[in-house]
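The values are calculated or read from the model by the stated rules, or taken from the named source; none is laboratory data. What you see is a predicted model; the values in this text were computed from it and never measured. Here the Cβ positions follow ideal geometry from the backbone for every residue, glycine too, while neighbour counts run over all protein chains shown. Side chains included, ligands, DNA and RNA excluded: accessible areas come from the protein's heavy atoms. Shrake-Rupley method; radii C 1.70, N 1.55, O 1.52, S 1.80 Å.
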Amino acid sequence: MNNPYIKHIISFLLLFLLQILLLNKITLFGFITPMVYVLFILSLPFTTPKWAIIVLSFASGLVMDMFTGVLGMHALSLMCLGFCRSFVIKHIPFQGELEPHLSPILYDMKIVWYVQYIVSLVLIHHFVYFLIDAMSLRHFFRLLGVVFSNALCTLLCILLLQILFYKPSKRY
């Protein structure tokens with residue numbers, strides 16, 4: 001699979017099918033559902049322009065909204081993730097230089113950098129998503145509990161998917 005666009009299209013389809021057909025049916029303790037579709041935006045290459053990330057975030061969030069029956073929650077929360085992605089990449093310390101042919105995946109990056117990257121962005125995504133769902137800060141600590149428990153489940157699933165299916169980028 002030499003064409004990176006084909007690789008990302010297949011990644012998009014597989015992640016969204018996994019989310020829609022399997023993971024949306026799983027609810028742990030009545031409120032925890034892993035949201036692995038965010039991995040599509042998280043794993044886009046470093047060279048992807050910010051405008052393309054935001055457009056892809058909105059489009060993929062819209063796809064999730066259509067299949068889950070919620071209006072705009074996935075689109076807005078995924079757009080916030082896409083918007084914050086470059087800021088998070090710039091502000092997480094990295095020894096050396098981020099090479100343009102690499103992607104922010106577990107095999108291309110150091111584990112400490114990668115964990116900081118996905119934890120930051122998954123927490124942003126989940127906070128926005130569940131804040132929109134709650135439509136209030138009245139029960140702020142309950143909201144934080146839901147955000148952290150769902151984020152932990154999502155992070156574990158993302159790490160498992162990274163270990164099982166993602167391979168390192170080609171070194172030039």
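In the range 50-70, is there at least one residue being at pLDDT 90 or above, farther than 22 Å from L161 by Cα, in contact with a Ser or Thr (Cβ under 6 Å, 6 or more places away or on another chain) and surrounded by 12 or more Cβ atoms within 10 Å (Cβ to Cβ)?
Yes.
Which of (1) modelled with pLDDT under 90; (2) more than 20 Å from I132 (Cβ to Cβ); (3) touching a Leu at 6+ places or on another chain (Cβ under 7 Å) does K25 not meet, given it meets every other one?
The number of the failed condition is (3).
Does the range 8-22 include one or more residues that are among the aliphatic types (A, V, I, L, M), open to solvent by less than 20 Å² (accessible area, probe 1.4 Å), over 14 Å from the mean Cα position of the chain (by Cα) and over 16 Å from S77 (Cβ atoms)?
no
Which of the residues belonging to the range 72-112 are among the basic types (K, R) and at pLDDT 85 or above?
R85, K90
Which of the residues that make up the range 116-141 are free of Cβ contacts under 8 Å to residues at least 24 places away in the same chain and surrounded by 12 or more Cβ atoms within 10 Å (Cβ to Cβ)?
Matches in the range 116-141: F127, F130, L131, A134.
Can you report the number of residues in the range 45-96 which are out of contact with any Gly (no Cβ under 9 Å at 6 or more places or on another chain) and outside any helix (DSSP H, G or I)?
Final tally of qualifying residues: 13.
Select, from T27, T47, the only residue that is over 15 Å from the mean Cα position of the chain (by Cα) and open to solvent by 80 Å² or more (accessible area, probe 1.4 Å).
Every option except T47 fails the conditions.
Any idea how many residues of the range 30-44 are in contact (Cβ under 8 Å) with a residue 12 or more places away in the chain and either open to solvent by 40 Å² or more (accessible area, probe 1.4 Å) or part of a helix (DSSP H, G or I) (or both)?
Here the count works out to 8.
Please verify whether the range 74-84 includes one or more residues that are without any contact (Cβ under 8 Å) to a residue 24 or more places away in the chain and open to solvent by 20 Å² or more (accessible area, probe 1.4 Å).
no
Residues of the range 142-155 being open to solvent by 40 Å² or more (accessible area, probe 1.4 Å) and either within 20 Å of L78 (Cβ to Cβ) or of a type in the set (S, T, Y) (or both), which ones?
F148, L152
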